[in-house]
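Take a look at the structure set out below.
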Amino acid sequence: MLRSIFGCGKNCRFPSNRHHEPGFRHNQRYSLVNVKLKWVKDRVLDTAVTGERDLKAACVIMSIIAADPGGCVPIYRLSGRRRGQLGLPHDVKVSTFMRKYPTIFDEFHVPDSGGTRVPWFRLTPDAITLNQEAVQVFRENQKDFRDRVCKLLMLTRDMILPIATIDQLKWDLGLPYDYVDSFIPNYKDVFSLTRLSDDRVALKLLSWQNELAVSQLETDAISQQTEEDVRTGRLRFRVGFPRGFGLKRKSIEWLEEWQTLPYTSPYTDSSHLDSRTDVSEKRIVGVFHELLHLTVEKKTERQNVSNLRKPLNLPQKFTKVFERHPGIFYISKKNDTQTVVLREAYDGDRLVHRHPISEIRNKFACLMKEGFLGRSRGLYKKHPAANFGENDELHQICKSELFENGIESEEEYEGRMFSEYESDETNRLFELCE
């Protein structure tokens, strides 16, 4: 996929047939050089992003159902705020989405007080087994996830982030849907929940963790970079471009000079840096390089980092570094959104190092695909109107839920679903199994 990798080892260098002007080197150190690199579509990395929206939505719904004491939920329970968290397009009903994947969600109906059949959903045996496996994998890797959250907070100025901001990143960090209740309380000596001046709830790191204050670039430098670069702190980022990406001579010269600038660790104070310089820009690149390494699949939606400017001590328009450094970051425009992908983490469309949580998600995606294809072939039929007798315990739980919430018709819960929709997601649903 990558035509060439720059700055990834002792033998990796830019073309040597160039001329350096003293003024260029001087400006490189003390001002932000005005160089623009074009965006080029990378079909291979786009493949790594495709289907993510359906997978995330299905996993969130699975978590909601699995957390319910009765192991099943009526469709209206997935409306309102929860509907927005799914990230589905406006024109796709949650029930329609869930019916696409009969290997995950099992539908049945319970009549409400007016006799109208209300759809309920529970997990299939295969989905229950897979969810239990995911829970076990998370338990086995809790220390790893604790360290990821610690490092995320250590990237911030005051070691604190609003829960709403972390929520935007929890899928990428590999955290469970209910991490605030199921994960954070396990580390009361590490984290604390606090309330900000604007009344938002935030997560705070209680003390600095020196052993974690080492970036991935610094960790890899010993084996991937020259002794001179390591000794002087002029660490280089791995850079590569897809086929068809042409670099002008001026851009090549600028990029090599930029690579030789001092590297500022994202875990050190950067208040002394002038935001108008390339040195400061290299620090910003380092921050996002580290942030993407904290994610389990080395990618995140661009909008997920929009609230991190002040906490990370970044200048205005800080996300411009993604466009200025397309050899380090790739911006995929699949799914009608922008996803930032760390190029070095992928070999083709596959992760170089796959996290155990990614393995579970891949199994889940395969189960979804099986159901989608099977349904399209007519292998799954709808259940009868109701499969439970009046004395059935599950039936009684379902009817009690309906009466408590006053839902009387399908039109009512569908109306509530769309009136409370709060998602900023896009207008089309990507088909997982194209």
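The values are calculated or read from the model by the stated rules, or taken from the named source; none is laboratory data. For clarity, every value in this text was computed on a predicted model and none was experimentally measured. Note that each Cβ is placed from the backbone with ideal geometry, even for glycine, and that neighbours are counted across all protein chains shown.
Annotations
- The condition (being farther than 23 Å from Arg375 by Cα and without any contact (Cβ under 8 Å) to a residue 40 or more places away in the chain) is satisfied by just one residue among Asp68, Asp112: Asp68.
- For the residues Pro89, Pro119, the requirement of being under 16 Å from Lys56 (Cα atoms), of a type outside the set (Asp, Glu) and surrounded by fewer than 22 Cβ atoms within 10 Å (Cβ to Cβ) singles out Pro89.
- Listed by position, the strands (runs of 3 or more DSSP E) inside the range 95-166 whose residues that are outside the structural domain of Leu291 (by TED's automatic domain parsing) and under 30 Å from Leu206 (Cα atoms) number at least 2 are 160-162.
- Residue list for the range 55-109, filter: polar (S, T, N, Q), within 18 Å of the chain's Cα centre (by Cα) and modelled with pLDDT under 90: Gln85
- For Glu253, the stated conditions do not hold, so it cannot be described as buried (at least 19 other Cβ atoms within 10 Å of the Cβ), of a type in the set (Asp, Glu) and out of contact with any Phe, Trp or Tyr (no Cβ under 8 Å at 6 or more places or on another chain).
- Residue that is at pLDDT below 90, in contact with a Lys or Arg (Cβ under 8 Å, 6 or more places away or on another chain) and surrounded by fewer than 20 Cβ atoms within 10 Å (Cβ to Cβ), where the choices are Gln316, Gln259, Gln338: Gln316
- Residue ranges of helices (runs of 4 or more DSSP H) in the range 233-327 with at least 3 members over 20 Å from Ala221 (Cα atoms) and not acidic (Asp, Glu): 249-259, 320-324
- Selection of the range 183-231 for residues being of a type in the set (Ser, Thr, Tyr), surrounded by 15 or more Cβ atoms within 10 Å (Cβ to Cβ) and in a helix (DSSP H, G or I) yields only Tyr187.
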